[in-house]
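Everything below concerns the one structure shown next.
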Amino acid sequence: MKELVQYIARLLVDNPDEVNVTEIEGERSIIIELRVAPDDMGKVIGKQGKIAKSIRTLTKAAAAKEGKRVVVEILR
């Protein structure tokens, strides 16, 4: 999951070196924290949150194969 989010975020932003993804795994759930440069926040979130929603949908589909629940948090 971490690699998927990191790959997508690096393609979207202007500063790919500042993309930081942390994965916190529990028994049945995974929390993925995505941090990007302040200037790139809009590019990761997208208009009306459409890109963020797409990232969350992709990770949920990948997590469903593993029988887990995933939450993607975009942090400053």
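The values are calculated or read from the model by the stated rules, or taken from the named source; none is laboratory data. These numbers come from a predicted model, not from an experiment. Because the Cβ atoms are built from the backbone with ideal geometry, glycine has one as well, and the counts that use them run over all protein chains shown.
A compact table of results
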{"read-out": "Members of segment 17-73 that are closer than 15 Å to Tyr7 by Cα and in contact (Cβ under 8 Å) with a residue 40 or more places away in the chain", "value": "Ile32, Glu33, Leu34, Arg35, Ile55, Leu58, Thr59, Ala62, Val72"}
{"read-out": "Matching residues, segment 5-52, being part of a helix (DSSP H, G or I) and acidic (Asp, Glu)", "value": "Asp17, Glu18, Asp39, Asp40"}
{"read-out": "Matching residues, segment 53-76, being crowded, with 17+ Cβ neighbours inside 10 Å and either in contact with a Gly (Cβ under 6 Å, 6 or more places away or on another chain) or not in a helix (DSSP H, G or I) (or both)", "value": "Val70, Val72, Ile74"}
{"read-out": "Single residue of segment 1-45 satisfying the filter (more than 13 Å from the chain's Cα centre (by Cα) and closer than 19 Å to Val70 by Cβ) that is surrounded by the fewest Cβ atoms within 10 Å (Cβ to Cβ)", "value": "Glu27"}
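Every residue, every condition in (1) more than 17 Å from Val21 (Cβ to Cβ); (2) modelled with pLDDT of 95 or more; (3) of a type in the set (A, V, I, L, M, F, W, C), yes or no:
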position	(1), (2), (3)
Arg35	no, yes, no
Met41	no, yes, yes
Lys47	yes, yes, no
Ile51	no, yes, yes
Arg56	no, yes, no
Thr59	no, yes, no
Lys65	yes, no, no
Lys68	no, no, no
Leu75	no, no, yes
